[in-house]
Amino acid sequence: MSRAVDLFRDEIIELLPRLRRFARTITRNPHDADDLVQVTVERALLKFGQWKDEARLESWMFGIMRNAWIDEVRARVRRDRVFAPAEAGENVGAHTSDQDAIALQSALARLPEEQRMAIGLVLVEGLSYKEAAEVLDVPIGTLTSRLARGREALAALLLEGER
Amino acid sequence: MMISDEQIMAYVDGELDARARADVEQAVASDPEIARRVARQRALREKLRSAFDDVLNEALPEHLVAAARNAPVASVSERRNVADLAQVRDKKAAPERVARRWSWPEWSAIAASVVLGAIIANLMWRSPSDLAPFSAKDGRLVAGATLAEALTQQLASTQPADALTRIGVSFRSRSGDYCRTFVTRAGGGLAGVACHRVDDWTLEALSRVEAGSAGTGTYSPAGSSLPAAVSQTVEEQIVGEPLDAAAEAAAQRSGWR
């Protein structure tokens, strides 16, 4: 078992860069993102016994991350500590000097949660529709409509930004 | 040929089968407008990817690697077990009810005075097992001797303010067990919910708490899912209202059975 656990830990470490990237697409700021990754890693290890090889580890962990983030947002709502999206959006580009990247990250930060996650999984992480729908626990039709609306909104926000 | 936005997106996302792909490609070749629409979607996808690519090349924060290397593992998959610990049951959010429940002085004091760290304390592998505040047993996480003693003996109404472990609220759970919330300085600071079953206190939720920034009003988004993990566990499991002082004392006399 301990060898299996070690392998599992290694695989998680290999996935860390992608976990961090997905966390940034959904949290809107790098600090929250790394906190979310940590919670995700800890939860994944606690669920080690539930991990089955059928799904790809990344999908499984993205699902854990999504749930952890939903919990987090709920906790914030409960404490009236919700960030205003616009305000949070200013945080996003902190780690890059690329103006395009900043514009895109800010635009993405302004999308509703569910669209942001769909776009993060499919367009950024490159998951298939089927995998992404499983991570989000929605039918494929729901996923594709979130993707479509998210893309439209993004395109509109980017145009607005160029003006 | 009419090509819908959905088709174009699915094409760009690589979701079309060979035939549908050929249709789009043919349309792209013959209709400049469709070619533009495809190019626009491609560009969006590529821009998005590159906007977030930087993070892939950043050095990994050490604490994340350490978490992956060292955070505790649970290998059992029965229902009441360690793997359930951090799972926040997302069925019933009921925020107003939660807000009201946590207005109890005991807990609100806790909530206000701690900054919550990571979901599980990373002390399981750090302390010698006889000193650890909890240990694994039959796929459950159970309170260690010192914590168990506090859970069994202490009454919220009479415990010293500086006790190593402070009991919060006690309540009856859906499964009929007595459960108690606690905060302890042991193991670097932990908060959790423990339920009495047979001879042990099984930990149903556990969070790291740090007293460091207590009362400064600083807000750390870091572990803010933690109070949720604890509070939602209570919220999920509680039957009726928490025990008052008399009921708590009676339960203690009966050995929490």
- Return the average number of partner chain Cβ atoms within 10 angstrom of each residue Cβ along peptide B:58-65. 5
- Task: Using packing as a proxy for protection, rank A:36-46, B:193-203, B:154-164, B:177-187 so that the peptide with the highest average count of other Cβ atoms within 10 Å comes first.
- Result: A:36-46, B:177-187, B:193-203, B:154-164
- Note on the structure: Spelling it out for B:F134: with amide H atoms placed in the peptide plane at 1.01 Å from N, the residues 5 or more places away or on another chain with amide H under 5 Å from its amide H are B:G144
- Message: Probe of 1.4 angstrom, ligands and nucleic acids ignored: what's the accessible area per residue over chain A, in square angstrom?
- Response: 42
- For labels at B:R253 and B:T152 in the simple 7 Å Cα→Cβ model, what's the distance in nm? 1.9
- Message: Full-extension gain between B:S50 and B:D199, please, as 0.36 nm times their residue separation minus the C-alpha to C-alpha distance.
- Response: 48.0 nm
- Query: Hey, any idea what % of segment A:106-163's accessible area is carbon plus sulfur with a 1.4 Å probe?
  - Reply: 53
- Report the net charge of residues surrounding B:A22, where surrounding means a beta-carbon distance below 15 angstrom and charges are Lys +1, Arg +1, Asp -1, Glu -1. -3
- Query: What total accessible area, in Å², is buried where chains B and A meet, using a 1.4 Å probe and rounding to the nearest 100?
  - Reply: 5400
- Across A:13-19, the residue-averaged tally of Cβ atoms belonging to other chains within 10 Å stands at 4
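The values are calculated or read from the model by the stated rules, or taken from the named source; none is laboratory data. Note that the coordinates shown come from a computational prediction; the quantities given were computed from them, not determined experimentally. We place every Cβ from the backbone using ideal geometry, glycine too, and count neighbours over all the protein chains shown. All accessible areas refer to the heavy atoms of the entire protein, side chains included, with ligands and DNA or RNA removed. Shrake-Rupley method; radii C 1.70, N 1.55, O 1.52, S 1.80 Å.
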